[in-house]
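The values are calculated or read from the model by the stated rules, or taken from the named source; none is laboratory data. Owing to the predicted nature of the structure, the values given are computational and were not obtained by experimental measurement. Here the Cβ positions follow ideal geometry from the backbone for every residue, glycine too, while neighbour counts run over all protein chains shown. These accessible areas exclude ligands, DNA and RNA; they are computed on the full protein's heavy atoms, side chains included. Shrake-Rupley method; radii C 1.70, N 1.55, O 1.52, S 1.80 Å.
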Amino acid sequence: MSIRLKLLLLGLLTLVLPWAGCRYAREMESALREGEQNSLLSVAQTIASSLQGRGDLLYRQPARVQSPEEPETEDDKAAAAPKPSPYDLRPILLSAQPFLDGYVEEWPQNKTAWRYFARDPAMSTVATGQHKFGILTGVFDRMLYVMLDVHDEHLVFDTPGASPLDPSTFGDRIWIGFEGQDEREHQVFIAATGPGSVTARRIETGEYGQLTAVNEPRILGALQPTARGYRLELRIPLSMLGERFGVLIDDRDRRGVDPVSYGTLRSDDLHTVGRLIVASPELTTYLKQFRQPGLRVAVAAPEGRLLAQVDALSEAKVLAPEPGILARFYRRFVDRPGTRRVIDSTADIYDREHKQIIGSLQVSQTEDRWLMLRDRALTHMLNLTLGFSLAAVIATFIFAAWLAVRLSRLRAASESALTREGLVTTFPETDASDELGDVARGFSTLLHRLNEYTGYLRTLAGKLAHEIRTPLTIVRSSLENMESEGVSSSAGIYLERARQGSDRLNAILIAMGAATRVEEAISNAERTRFNLVPVVQSAADAYRIAFPQRAFATEVPEEPVEIEGAPDLIVQMLDKLVDNAVDFSPEGATIILRVRLEPHAAVVEADNPGPPLSPDTRDRLFESLWQSRTDSDSRPHFGLGLYIVRLIAEFHRGEATASSLPGDSGARFTIRLAR
């Protein structure tokens with residue numbers, strides 16, 4: 001992992017600040033939610049206290065309430081707390097007015113609100129069966145809405161145009177019974193002659209006892225057949241109704257036969273047996289005084305049925321503007337999944353003696369108010385922390401890039417410090433005052449000392465040759481004088497060994513001084529324009545005489561190959577190449593000297609059979625004082641031959657390279673000379 005990436009990751013750690021800010025915002029949200037919950041509970045308890053003992057305000061037909069001044073009798077207690085009846089109907093609170101068309105789609109899809117009645121009481125708990133109907137009642141704007149779902153395999157309509165009181169024309173009929181405001185029982189019936197709108201009629205007795213069917217225009221409805229029977233939808237003003245209400249179904253399989261009657265009315269006198277428990281219309285008016293934007297107040301019966309509510313949750317508050325883009329974006333990180341956006345508080349409503357629960361009050365409030373406070377603080381905090389984190393990351397990245405550039409310069413300088421001309425002691429970043437500057441200055445000092453030591457090694461051979469030459473001359477002259485004076489045969493053996501040793505030392509001196517002489521010759525050489533082809537051919541002819549154990553072949557172009565340089569140096573270069581080729585080739589091998597042209601250079605190649613070059617030695621063959629010989633040889637070798645080849649090639653603005661022959665059959669040395 002690079003330093004730049006490490007510093008970038010280190011800079012990204014500053015993102016802990018926004019994360020901590022989100023955690024703090026969540027804690028602040030929990031505290032605000034708890035405070036708002038407590039405040040909302042106080043509001044709910046206050047409103048519930050105002051409704052304590054107000055049964056007349058909760059229910060439209062409350063039980064009779066005894067005044068405190070009058071003693072309460074047993075009859076009053078019985079009237080005040082009537083026992084629940086299975087025939088009681090509890091209308092739900094409708095949020096919108098249903099359209100009277102006989103279809104149930106506009107009604108709330110609440111299966112628990114349906115009540116089922118059947119001829120057989122045991123079948124009233126299931127939703128299917130013959131001689132059975134379901135009833136759903138609701139209240140909206142002082143109107144009672146009734147939806148009847150009658151199960152009837154044979155729907156029979158009344159005879160169109162016939163008298164509604166002629167028994168022979170009777171089909172399926174629905175009787176509606178209710179207690180009026182005069183506390184008397186009233187009945188109306190629905191006799192449909194076909195699908196669509198229906199008319200409610202009541203039966204009145206005339207002056208002479210005759211019966212007539214009179215339309216009841218206040219009751220409207222519609223009937224639609226279904227796969228299981230039919231549905232009847234009615235609307236009845238609450239002003240017509242008292243405390244009691246019921247429905248009776250007259251089911252006939254054909255017109256005029258005796259019906260099968262079942263429902264919540266007595267079949268003998270059509271009197272009601274169940275109550276209609278409806279919320280008082282004044283309850284909604286009373287709750288409206290607590291209406292506020294973003295608040296919903298609802299009152300429910302003890303069994304959970306909604307009696308009245310004032311809903312303003314969807315109304316925006318004046319002090320709660322639409323959150324900005326950043327606030328909505330930050331909410332994605334702060335809001336917990338599944339968190340409700342509405343908080344609720346519930347309080348029980350008791351009777352006057354605070355013994356019996358007569359209802360419950362629920363107050364719901366949106367989170368807009370305290371969410372606005374949280375979003376404002378969160379947006380400011382996250383903008384600050386994210387801005388700081390972004391600045392820190394950018395600064396860290398810039399610093400990392402700058403540091404990487406400096407390190408790359410140091411690396412490039414260290415990799416290119418060793419050249420064929422010597423060591424480069426000039427190092428970048430030496431003027432910097434930081435730790436990288438100290439490292440650069442340390443490398444520069446080290447390279448300077450290595451350069452001095454390398455320079456000493458380069459001149460060591462010449463100095464040693466100069467210092468040893470005089471003592472060696474004295475030794476050789478002394479040996480010659482001893483030979484001229486005559487010695488014994490036994491002493492002659494030792495004298496011959498001494499002469500061979502002196503000759504060997506002389507060869508060593510010549511080899512040690514060769515590089516120095518070549519460097520001096522290069523520095524003093526004069527450049528001339530000459531043809532390279534005859535120089536190579538002449539040298540090859542000489543090598544055939546000097547090395548009779550090897551064969552020499554030349555491959556030269558027919559046209560002249562002119563270069564600018566020193567012919568003597570070219571011959572010395574060929575001498576070193578051929579000397580190296582002879583050492584590494586077997587007897588009888590053919591050494592090829594080749595000259596070829598390139599667009600901008602003349603190329604001299606020397607091919608010799610023998611061992612191939614290993615990849616790790618190709619780059620070091622032309623270094624000073626380096627050799628790859630492993631076998632013992634009577635001649636001294638110091639690894640200067642190919643080094644001299646490189647010096648001469650560079651003098652001619654060229655280069656020297658080495659490679660293996662195809663099939664690893666030997667080595668090829670290539671010298672490119674500028675034309």
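Scanning the stretch 377-400 for residues that are among the β-branched types (Val, Ile, Thr) and within 23 Å of the chain's Cα centre (by Cα), which turns out farthest from LYS6 (Cα to Cα)? That would be THR379.
So which residues in the stretch 486-519 are of a type in the set (Val, Ile, Thr) and either modelled with pLDDT under 75 or not in a helix (DSSP H, G or I) (or both)? Matches in the stretch 486-519: VAL487, ILE508, ILE510, THR516, VAL518. Condition check: at pLDDT below 85, in contact with a strand residue (DSSP E or B) (Cβ under 7 Å, 6 or more places away or on another chain) and surrounded by 17 or more Cβ atoms within 10 Å (Cβ to Cβ). Does PHE669 satisfy that? Taking the combined requirement at face value, the residue does not satisfy it. Residues that are of a type outside the set (A, V, I, L, M, F, W, C), surrounded by 14 or more Cβ atoms within 10 Å (Cβ to Cβ) and over 20 Å from ARG255 (Cα atoms): does the stretch 232-239 have at least one? Yes, the stretch 232-239 contains at least one residue that is of a type outside the set (A, V, I, L, M, F, W, C), surrounded by 14 or more Cβ atoms within 10 Å (Cβ to Cβ) and over 20 Å from ARG255 (Cα atoms). Entry remark, the stretch 128-177: residues being hydroxyl-bearing (Ser, Thr, Tyr), more than 22 Å from ARG228 (Cβ to Cβ) and not in a loop (DSSP other than H, G, I, E, B) number 2 in total. If I ask for residues that are at pLDDT 80 or above, part of a helix (DSSP H, G or I) and small (Gly, Ala, Ser), which ones from the stretch 415-465 would you list? Matches in the stretch 415-465: GLY437, ALA440, GLY442, SER444.
Within the stretch 515-573, the only residue that satisfies the criterion of being open to solvent by 40 Å² or more (accessible area, probe 1.4 Å), in contact with a Phe, Trp or Tyr (Cβ under 7 Å, 6 or more places away or on another chain) and under 21 Å from ILE644 (Cα atoms) is PRO567.
Among the residues of the stretch 644-657, what is the count of those that are part of a strand (DSSP E or B) and open to solvent by 20 Å² or more (accessible area, probe 1.4 Å)? Summing the residues that are part of a strand (DSSP E or B) and open to solvent by 20 Å² or more (accessible area, probe 1.4 Å) in the stretch 644-657 gives 2.
Every residue, every condition in (1) modelled with pLDDT of 90 or more; (2) open to solvent by less than 50 Å² (accessible area, probe 1.4 Å); (3) small (Gly, Ala, Ser), yes or no:
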site	(1), (2), (3)
VAL578	yes, yes, no
ALA589	yes, yes, yes
VAL595	yes, yes, no
GLY610	no, yes, yes
SER614	no, yes, yes
SER628	no, no, yes
SER634	no, no, yes
HIS637	no, yes, no
LEU640	no, yes, no
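Residues are listed down the side, and each one gets a yes or a no for (1) in contact (Cβ under 8 Å) with a residue 12 or more places away in the chain; (2) over 30 Å from ALA674 (Cβ atoms):
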| site | (1), (2) |
| --- | --- |
| GLU496 | no, yes |
| ILE508 | yes, yes |
| ALA521 | yes, no |
| ALA525 | yes, no |
| ALA542 | no, no |
| PRO557 | yes, no |
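Does GLY134 fit the bill of being open to solvent by less than 30 Å² (accessible area, probe 1.4 Å) and of a type in the set (Gly, Ala, Ser)? Spelling it out, GLY134 is indeed open to solvent by less than 30 Å² (accessible area, probe 1.4 Å) and of a type in the set (Gly, Ala, Ser). For the stretch 339-364, filtering for residues that are touching a helix residue (DSSP H, G or I) at 6+ places or on another chain (Cβ under 9 Å) and either closer than 15 Å to ALA48 by Cβ or modelled with pLDDT of 85 or more (or both) leaves 16.
Taking the numbered list (1) open to solvent by 50 Å² or more (accessible area, probe 1.4 Å); (2) farther than 18 Å from PHE99 by Cβ; (3) touching a residue at least 60 places away in the same chain (Cβ under 8 Å) in turn, ASN215 passes all entries but (3).
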